[in-house]
Every structure is written in structure tokens, then in C-alpha cells.
Amino acid sequence: QKEVEQDPGPLSVPEGAIVSLNCTYSNSAFQYFMWYRQYSRKGPELLMYTYSSGNKEDGRFTAQVDKSSKYISLFIRDSQPSDSATYLCAMSAPSNTGKLIFGQGTTLQVKP
Amino acid sequence: AAGVIQSPRHLIKEKRETATLKCYPIPRHDTVYWYQQGPGQDPQFLISFYEKMQSDKGSIPDRFSAQQFSDYHSELNMSSLELGDSALYFCASSLESGGPNEQYFGPGTRLTVT
């Protein structure tokens, strides 16, 4: 079983919808949680970074971490066709020297 | 803003050949990570360097080696290439003394082994 689980989708939504992306994890040592967006054949782009539990908002994006449930989420409000990409969650523990453990990625398509 | 630079962007090699991938981190970043991403897969950590010293090692084959130089750029050397080495290779950099683990990825090198 992978340390980080993420539904690969694909997820298809109409433009303007609220999108919810989720990951679960098994390693309770994870303290740092990130969401990356990756367009086809491009490098992952850091969207959100959260330390420990709580919420963080940046524009149309909101990241939530629930360490008690080992569950993290990314919400995208007013989704746009340009949001169509693969979204990867990634995590790290303080003892991990920074290496990231990624989820499988969820492919999102926002239809005009 | 300056980003992580990787070269070459595309590389085609034959089996048993050698390849060298280069990574130039964001200016002032002192930590470099290498990841391998197979088709339809998530990135897998290979190796990392902090201040020119290897800081961690993941599932990197013995055929691969890497180093970080005095100007903080890094090179990943891959020998005796196998078909299964075909993948996207990403380099990421971070500032160790800044926000922990905020890694910024380069555009990747697509390696094709034939």
C-alpha cells in the first residue's frame, strides 16, 4: 500500500464549479503538505504549502489538512478551463531531509 | 522570477549508453532534489544534496550517480542505460533555511532509451 493515496480520476466538471481534490496518507510523521499542479509534459508547479493542520487560502484555492484523519484537501472555486491539469498532493516529514512523497495525481478537466 | 533550469530538455539514448542530466537551481537555493516520473506515474525521489553534500538517497539504481558542484548546480549521471530508464527526470530546488520543503521544480528532461 502506498504511503499517500489519491484518486487518479479523471474528474470532469463544468466551468465555474467548485472542485474538491483529496488525499489520504498513512504516515503520521508527515508535517508538511503541498499541492502541485502539473500540465502535460511540464514540471510540477507548487500551488499550496501547508504546515501541520489547518486551512490556507490563496485566491481561488483553499488547502485543508486534517491530521487526525490523515486527510488533506484542495478546493478550487470558480474553476476555469485553464485549471485543467493533473493535481498532485505531496508530503514530507521533518526527518525526511525534504524528500517529497507524492500521491498518484488527479486529472482534472474543466469544460467551458 | 528565475526558475529551475534543466538541460537537455530531451535526450534520446540507446541501451547501455551513458547520459548526463544537468540542473541549475533557483539563485540562492542550496538544496537540490532529483525525481523520476514514469509514464502515468507520480514522481519518485532519487537523491538530494544540501550544500554540495548528499543529504538523502531514495530508490536510485547503482548505475546512477549524482553530485552538486560549488555553484550549486547538480548533475545526474546515468550509465548502462536500460529501456526502463525512459522517463521524465525532474530537478527541484529549495532554500534550506527558508520555508521547509518548498520545492520548486524544473521543466524536466525527457529521457528516451531505445
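The values are calculated or read from the model by the stated rules, or taken from the named source; none is laboratory data. For clarity, every value in this text was computed on a predicted model and none was experimentally measured. Here the Cβ is made from the backbone with ideal geometry for all residues, glycine too, and neighbour counts use every protein chain on show.
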Single residue of the range B:9-37 satisfying the filter (more than 14 Å from chain A (Cβ to nearest Cβ) and without any contact (Cβ under 8 Å) to a residue 60 or more places away in the chain) that is surrounded by the fewest Cβ atoms within 10 Å (Cβ to Cβ): B:27
All conditions in (1) surrounded by fewer than 13 Cβ atoms within 10 Å (Cβ to Cβ); (2) in contact with an Asp or Glu (Cβ under 8 Å, 6 or more places away or on another chain); (3) modelled with pLDDT of 95 or more are true of residue B:82 except (2)
Let me spell it out: the conditions are (1) in contact (Cβ under 8 Å) with a residue 40 or more places away in the chain; (2) not in a strand (DSSP E or B), and residue B:40 meets all of them except one. Which number is the exception? (1)
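Any residue at all in the range B:76-86 that is farther than 24 Å from residue B:12 by Cβ, of a type outside the set (D, E, K, R) and either more than 11 Å from every other protein chain (Cβ to nearest Cβ) or not in a loop (DSSP other than H, G, I, E, B) (or both)? Give the derivation first.
Applying the first criterion (farther than 24 Å from residue B:12 by Cβ) to the range B:76-86 yields none.
Among the residues of the range B:76-86, not one is farther than 24 Å from residue B:12 by Cβ, of a type outside the set (D, E, K, R) and either more than 11 Å from every other protein chain (Cβ to nearest Cβ) or not in a loop (DSSP other than H, G, I, E, B) (or both), which makes the answer no.
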Subset of the range B:38-77 [of a type in the set (D, E, K, R) and either surrounded by fewer than 22 Cβ atoms within 10 Å (Cβ to Cβ) or touching a His at 6+ places or on another chain (Cβ under 6 Å) (or both)]: B:51, B:52, B:56, B:57, B:62, B:63, B:71, B:75
Restricting to the range B:55-75, what's the tally of residues that are within 15 Å of residue B:29 (Cα to Cα) and either within 11 Å of chain A (Cβ to nearest Cβ) or in contact with a helix residue (DSSP H, G or I) (Cβ under 9 Å, 6 or more places away or on another chain) (or both)? 1
